[in-house]
Amino acid sequence: MAFVVALPHAAEHSPSRASLNGLDGINFFNAAMLAGFGPYVAVYLAEQKWTQENIGFVLTASGLAGLLALMPGGELLDTVRSKRALAALGASMVAVTALAIGIWPDFPVVFTALVLHGTTGAFLGPAIAAISLGIVGHLAFSEQLGRNQRFASAGSLIATGLMGLIGYLLTYQAMFLIAAALGLPLLVALAAIRPADIDFARSCGAAHPDAPTQRARTTHRCLWKNPAVLTFAAGLFLFQLANAAMLPVVGAALVYDGESRSSVIVAALIILPQIVVALLAPWVGRQARRWGRRPLLLIGFGALPIRALLFALTADPLFLVGLQLLDGISAAIVGVLAVLVTADLT
C-alpha cells in the first residue's frame, strides 16, 4: 500500500458533476446488487432444504476467502492505475455469482460462487473508496463518505424491499436473478465517472496530486509495527466477528421455526437499519470532523453488544425488527469511520 500523510493545507481537487453523480450511482447500485446476499442467502438455502451446518460452512468459506484476499486486493488496488476497471471487474463477478446461486443451488456451485463473491469484496468496496478519495481529496473525504453511505443505504433499502416482496409473492430464486441484473446499471454509472477526475496518487493516499507514491510505499512489516493500525484493526475484527453472522442466523431460524412471513420479516430487518443509515450517515461524516473519530466509534461499537444481548432474549418478530435500529446506528458510524480512520492512519 502507499502510505503518505494527508496534509491539511494540501490543495484539493474540484471534480466534475458527472463524476460525482457517477459516484452516487455506483454506491447505490453496488449496495442494491449486494442486497441479494447476506441474510437472503441463508434463507434461500434453508428453503432449498440445506442443513444449518452446510449453510454455515459456505458462508464461513465466503468470509474466509474475503479475509485472505483483502491485503493482496489492497496492494493490487494501489498498483493498478484504473480503479474503474477493477470496480467493473468486481461488479461483473458479483453478478455472475448471483446468477449461479439463483440457477444452480447445488453445494459445489454455491460454495464456488460464494468464495468468488468473498474474494471480490476484497477489492470492490475498497475500489469505490479509492475512487472517492481520488475524486474529492482527503479534506472532503469524511463528508463524501457520508454521502456514499447515504446512497448505498438507499440502494440497499429499495432493493431489499423489492426482493423481499418478490420472495414473498414469487420465489427466493428470483431475488438472485434481479441482483445479477443490477450489475448493468452499476457499469453504466462507472462509465459516467471521468478518468481525469480520479487522481492516481491521491487515490492511494497522497496529500496532493502527482505525489511520488512509488517512493512512499512501505513494507508489511511496518504495518505490523504500527500500534494505531493494529488497535483499530483489532476493534474492527471484534466488531465484525460479533456482527457478521447475527442476521443470517436470525433469518434462517425464522424459516426453521415455520414462520410463513420470513421473507417479509428478513426484508424489514434489513430495511430498517438502512433507513437509519441513510438519515444518519451524512451527519456522521460532518461530526467526524467536529467531534473527532473516537467518540463516534465508541457509540457505534457499543450499540452492537446491546443488540446481541436483546436478540438472545426474544424471538418475537416485532421486537427483532425494532432492535434493528441499533444496527442502523452501528452501520452508519462504522461504515463511514472504518474507511475514514484508515485513510487518517495511512
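Some points to look at:
- Checking Leu304, Leu298, Leu340 one by one, the residue that is part of a helix (DSSP H, G or I) and under 20 Å from His138 (Cβ atoms) is Leu340 and no other.
- Output for segment 274-300, where each listed residue is surrounded by 24 or more Cβ atoms within 10 Å (Cβ to Cβ) and modelled with pLDDT of 80 or more: Val277, Ala281, Val284, Gly285, Ala288
- Residue satisfying condition, being farther than 18 Å from Ala189 by Cβ and open to solvent by less than 50 Å² (accessible area, probe 1.4 Å), within set Ala154, Ala95, Ala127, Ala140: Ala140
- Taking residues in segment 241-253 that are closer than 11 Å to Ala42 by Cβ, and partners anywhere that are modelled with pLDDT under 75 and not in a loop (DSSP other than H, G, I, E, B), the pairs with Cβ atoms closer than 6 Å and at least 6 places apart or on different chains are Leu247/Pro39; Pro248/Pro39; Gly251/Pro39; Gly251/Val266.
- Filtered residue count, segment 157-200, keeping only those that are out of contact with any Ser or Thr (no Cβ under 8 Å at 6 or more places or on another chain), surrounded by fewer than 23 Cβ atoms within 10 Å (Cβ to Cβ) and closer than 26 Å to Pro15 by Cα: 7
- Search result, residues across segment 324-346 that are modelled with pLDDT of 80 or more and over 17 Å from the mean Cα position of the chain (by Cα): Gln324, Leu325, Leu326, Asp344, Leu345
- Any chance Gly134 is touching an Asp or Glu at 6+ places or on another chain (Cβ under 6 Å), at pLDDT 85 or above and assigned to a helix (DSSP H, G or I): yes
The values are calculated or read from the model by the stated rules, or taken from the named source; none is laboratory data. Note that the structure is a prediction, hence the values are computed from the model and not measured. Neighbour counts run over all protein chains shown; Cβ positions are idealised from the backbone, glycine included. To get the accessible areas, we keep the full protein, side chains included, count just its heavy atoms, and leave off ligands, DNA and RNA. Shrake-Rupley method; radii C 1.70, N 1.55, O 1.52, S 1.80 Å.
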